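Step one of this worksheet: look at the structure below.
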């Protein structure tokens, strides 16, 4: 299995809702990432997990809460989002040592209304 | 401040010609430079990685060069095809840092 699977593919949520994005990989990668991508912009790093521990948090607002239950799963919990949080949310994984490419999922298209 | 810039926001190339994309960076000491392809509404797909001590890497019709003195990488697609049309992103990974940072991207269109 050489894929990163993200669910759901599309999500529309109100500003008072709580929802979660899910990501799964079975390549044995020990680093997993959340990126946010706005239209016509490059992906921006949000969080990095190494060995299931949060190692980088790029000063993301607390309404985004990551969770790594085990080495294959990564969640992003969403609460009280704003319309400007609408974007494509990408999950990625990689070998922990550098020198390898990242494998990205197809993303979750999030719309906050 | 750190910057990764890809010179052209958009590039149109005639089919069969070589497309050359540029990636320049400042205030980085990258261990690795990577190139990705991204189609609309999809995640980036890894193409090639080049290490800071390598000058050139090839894979089929793709070639990447890396000049750490100029702080620049060039990405070439030879014998370009309409199916090569996509956005291409360069990305840098610093030494000892699990952080991959992307450049601004170039939208490449191959014209039949």
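Working only within region B:15-30, note down all residues that are out of contact with any helix residue (DSSP H, G or I) (no Cβ under 9 Å at 6 or more places or on another chain) and assigned to a loop (DSSP other than H, G, I, E, B).
Those that are out of contact with any helix residue (DSSP H, G or I) (no Cβ under 9 Å at 6 or more places or on another chain) and assigned to a loop (DSSP other than H, G, I, E, B): B:16, B:17, B:18, B:27, B:28, B:29.
If the Cβ limit is 6 Å and pairs must be 6+ apart or interchain, which residue in region B:85-112 that is more than 8 Å from chain A (Cβ to nearest Cβ) pairs with which residue that is outside any strand (DSSP E or B) and modelled with pLDDT under 95?
Short answer, once both residue conditions are applied: B:92/B:28; B:106/B:8.
Which of the following residues is under 25 Å from residue B:99 (Cβ atoms), surrounded by fewer than 16 Cβ atoms within 10 Å (Cβ to Cβ) and more than 10 Å from every other protein chain (Cβ to nearest Cβ): B:71, B:55, B:17?
Criteria check complete, one pass: B:55.
Test residue A:35 against the stated conditions and say whether it is within 14 Å of chain B (Cβ to nearest Cβ) and under 14 Å from the mean Cα position of the chain (by Cα).
Taking the combined requirement at face value, the residue satisfies it.
For residue B:32, work out the one condition from (1) closer than 21 Å to residue A:103 by Cβ; (2) more than 9 Å from chain A (Cβ to nearest Cβ); (3) in contact with a strand residue (DSSP E or B) (Cβ under 8 Å, 6 or more places away or on another chain) it doesn't fulfil.
(2)
How about region B:1-14: which of its residues are assigned to a strand (DSSP E or B) and loosely packed, with under 12 Cβ neighbours inside 10 Å?
Scanning region B:1-14 gives B:10, B:14.
Quick one: is residue A:19 more than 11 Å from every other protein chain (Cβ to nearest Cβ), assigned to a strand (DSSP E or B) and closer than 30 Å to residue B:8 by Cα? Don't jump to the end; show me each part of the working.
Values: more than 11 Å from every other protein chain (Cβ to nearest Cβ): yes; assigned to a strand (DSSP E or B): yes; closer than 30 Å to residue B:8 by Cα: no.
Considered against the rule, which asks whether it is more than 11 Å from every other protein chain (Cβ to nearest Cβ), assigned to a strand (DSSP E or B) and closer than 30 Å to residue B:8 by Cα, residue A:19 comes out as no.
Does residue A:70 satisfy being out of contact with any strand residue (DSSP E or B) (no Cβ under 8 Å at 6 or more places or on another chain) and over 27 Å from residue A:40 (Cβ atoms)? Can you show your working first?
On the way: out of contact with any strand residue (DSSP E or B) (no Cβ under 8 Å at 6 or more places or on another chain): yes; over 27 Å from residue A:40 (Cβ atoms): yes.
It is true that residue A:70 is out of contact with any strand residue (DSSP E or B) (no Cβ under 8 Å at 6 or more places or on another chain) and over 27 Å from residue A:40 (Cβ atoms).
If I ask for residues that are surrounded by 14 or more Cβ atoms within 10 Å (Cβ to Cβ) and assigned to a loop (DSSP other than H, G, I, E, B), which ones from region B:31-42 would you list? First the steps, then the outcome.
First, the residues of region B:31-42 that are surrounded by 14 or more Cβ atoms within 10 Å (Cβ to Cβ): B:31-38, B:42.
Scanning region B:31-42 gives a single hit, B:42.
Examine region A:57-76 for a residue that is within 12 Å of chain B (Cβ to nearest Cβ) and without any contact (Cβ under 8 Å) to a residue 60 or more places away in the chain, and state whether such a residue exists.
Yes - at least one qualifying residue is present in region A:57-76.
Name the residue, out of A:40, A:53, that is surrounded by fewer than 20 Cβ atoms within 10 Å (Cβ to Cβ), within 13 Å of chain B (Cβ to nearest Cβ), closer than 24 Å to residue B:89 by Cα and more than 14 Å from the chain's Cα centre (by Cα). First the steps, then the outcome.
Values: A:53 fails: closer than 24 Å to residue B:89 by Cα.
So the residue among A:40, A:53 that is surrounded by fewer than 20 Cβ atoms within 10 Å (Cβ to Cβ), within 13 Å of chain B (Cβ to nearest Cβ), closer than 24 Å to residue B:89 by Cα and more than 14 Å from the chain's Cα centre (by Cα) is A:40.
Can you tell me which residues in region B:43-66 are in a loop (DSSP other than H, G, I, E, B) and either free of Cβ contacts under 8 Å to residues at least 24 places away in the same chain or under 10 Å from residue B:33 (Cα atoms) (or both)?
B:43, B:52, B:53, B:54, B:55, B:60, B:61
The values are calculated or read from the model by the stated rules, or taken from the named source; none is laboratory data. If you're wondering where the values come from, they're calculated on a predicted model, not measured in any experiment. For neighbour counting, all protein chains shown are included, and Cβ atoms are generated from backbone atoms with ideal geometry for every residue, glycine included.
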